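As structure tokens, the structure follows; a few thoughts come after it.
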Amino acid sequence: MGAITTFIGVYLPYIAVLVLVVGFIWRIVKWWNTPSYNIAVFPGQTSLAQGLIRVLSEVIFFRSLLNFKGNYTLWLGGWLFHVGLFLTISGHIFKFFVPMPPGFYASVRAAIGDAIILVGIVITITGLYLLLRRIVNPEIRMISIVPDYIVLLLILGIVISGIWMTEVSRVDVAYVKYYIQSLMSFSPVPPPDNAAFLTHFFLVQLLAMYFPFSKLMHAGGIFMSPTRWHYFPEGAHRKEFE
């Protein structure tokens, strides 16, 4: 292995996981310790159960974005993009990290791989839509900052390189699983000798390290949003005049 391949395939994975975990915990703890006051902002919840329902509706259906008329195309693109990311991550965890009997793994590997490719195409299309929307729309471009583009470009790079290594350069998937499990057992073997895989894996690690310090932390922050969790007594949103 060359020095760069060794760094990307043997050392950087542990650095990336450490930065991701420590950074994520640090952000959550920082938010948790930030003073928060119950302010009756309309529309609010009158019970903890309503707060939970509101948070879950945001996570699953992007409720607040759907409430804005005229944003239905953005809602659909954003929703498909996020669902695609969730399914892709879930598929990778099941395919590479979950121990399975050899016979069962062989029977489902192709099906999971095909599903990941299909979802990857959906992510690519919707990701390009979200990127072009920021570039073409003057109002969105005015409020966009460099990190907004970096995140989208990183995700698109990961997805496209993943499709390329699977469908074009034909990386040995069985060896990739063996390699990932060797990293998990802290006895890493050389990574696959495949440029597309190394590119894909490197971009994944960059995104993992960038995650805690980017807007992607809304994945954890949404569960700590005061306006969605705080609840108030019945009638707190209106003032009675005598």
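The values are calculated or read from the model by the stated rules, or taken from the named source; none is laboratory data. Just so we're clear, the structure is a prediction, and the values are computed from it rather than from any experiment. Positions of Cβ are generated from backbone atoms using ideal geometry, with glycine treated the same way; all protein chains shown enter the neighbour counts.
The residues of region 169-192 that are crowded, with 16+ Cβ neighbours inside 10 Å and closer than 19 Å to GLY91 by Cβ, listed by number, are VAL171, VAL173, TYR175, VAL176, LYS177, TYR179, ILE180, LEU183, PRO192.
Are any of the residues in region 149-168 at pLDDT 85 or above, farther than 26 Å from VAL83 by Cβ and surrounded by fewer than 17 Cβ atoms within 10 Å (Cβ to Cβ)? No, every residue in region 149-168 fails to be at pLDDT 85 or above, farther than 26 Å from VAL83 by Cβ and surrounded by fewer than 17 Cβ atoms within 10 Å (Cβ to Cβ). Scanning region 130-169 for residues that are part of a helix (DSSP H, G or I) and either more than 30 Å from ASP114 (Cβ to Cβ) or among the β-branched types (Val, Ile, Thr) (or both) yields a total of 21. Could we say that VAL204 is out of contact with any Cys (no Cβ under 6 Å at 6 or more places or on another chain), buried (at least 17 other Cβ atoms within 10 Å of the Cβ) and closer than 30 Å to TYR129 by Cα here? It is true that VAL204 is out of contact with any Cys (no Cβ under 6 Å at 6 or more places or on another chain), buried (at least 17 other Cβ atoms within 10 Å of the Cβ) and closer than 30 Å to TYR129 by Cα.
For MET217, the stated conditions do not hold, so it cannot be described as modelled with pLDDT of 95 or more, in a helix (DSSP H, G or I), in contact with a Gly (Cβ under 9 Å, 6 or more places away or on another chain) and closer than 26 Å to PHE94 by Cα. Scanning region 164-192 for residues that are among the charged types (D, E, K, R) and in contact (Cβ under 8 Å) with a residue 40 or more places away in the chain yields GLU167, LYS177.
Only a single criterion out of (1) modelled with pLDDT under 95; (2) touching a Ser or Thr at 6+ places or on another chain (Cβ under 9 Å) is not satisfied by VAL176, namely (2).
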